[in-house]
Amino acid sequence: MLRSLLMLAVLVSAGAYAEPDTTTTRSEISALLRALGTSRCEFFRNGTWYDSAKAEDHLKRKLDYFERKGLLSTSDTFIDDAASHSSVSGKAYQVRCPGQSAQPSADWLKRKLEAMRKRGVDSAQ
């Protein structure tokens, strides 16, 4: 009995340290960046406003970098570590959508991600 409990404890603790599901993470981030790219919102980076397509391209490059370096863990940490501020200047990114005030990109992206998760990743738009 004790041996069974010990094995169960090992299995449970191993599950807690399992590698993140990069397929789901990549799918969520891709859908999130596609939603930004088609949003008609503007993206503020290092003192300049860019259109949504340029924002998507920029964040895709950051995603590729994070994947190459093995830094991609979850969609939420990608937003916090890469999609919310400049890696060069450290300045926060902003998103400004038609008829709305500018807001931190992290806020916009996290709200969009939460909505996507509620509906399913494929319905990001």
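The values are calculated or read from the model by the stated rules, or taken from the named source; none is laboratory data. Computed from a prediction, not measured in an experiment: that's the story for all the values here. Cβ placement follows ideal geometry from the backbone for every residue including glycine, while neighbour counts extend to all protein chains displayed. What goes into the accessible areas is simple: the full protein's heavy atoms, side chains included, and nothing from ligands, DNA or RNA. Shrake-Rupley method; radii C 1.70, N 1.55, O 1.52, S 1.80 Å.
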Residue count, the range 66-105, condition over 16 Å from Glu42 (Cβ atoms) and hydrophobic (A, V, I, L, M, F, W, C), comes to 7
From the option list Leu72, Leu33, Leu59, single residue qualifying as buried (at least 19 other Cβ atoms within 10 Å of the Cβ) and in contact with a strand residue (DSSP E or B) (Cβ under 9 Å, 6 or more places away or on another chain) is Leu59
Going through (1) open to solvent by 60 Å² or more (accessible area, probe 1.4 Å); (2) within 12 Å of the chain's Cα centre (by Cα) one by one, Gly99 fails only at (2)
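So, in the range 39-73, exactly how many residues are over 17 Å from Ser105 (Cα atoms) and in contact with a helix residue (DSSP H, G or I) (Cβ under 8 Å, 6 or more places away or on another chain)? Show your work before the answer.
Taking the range 39-73 as the starting set, the residues that turn out to be over 17 Å from Ser105 (Cα atoms) are 64-73.
Those left that are additionally in contact with a helix residue (DSSP H, G or I) (Cβ under 8 Å, 6 or more places away or on another chain): 66-67, 71-73.
The number of residues fulfilling the criteria is 5.
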The condition of being among the aliphatic types (A, V, I, L, M), under 18 Å from Thr22 (Cα atoms) and surrounded by 11 or more Cβ atoms within 10 Å (Cβ to Cβ) holds, among Ala92, Ala83, Ala106, only for Ala83
Checklist entry - When you look at Phe66, is it among the aromatic types (Phe, Trp, Tyr), at pLDDT below 95 and part of a helix (DSSP H, G or I), yes or no? => result yes
Considering the range 16-45, residues that are at pLDDT 95 or above and assigned to a loop (DSSP other than H, G, I, E, B), and then whichever is nearest to Lys112 (Cα to Cα), we arrive at Ser39
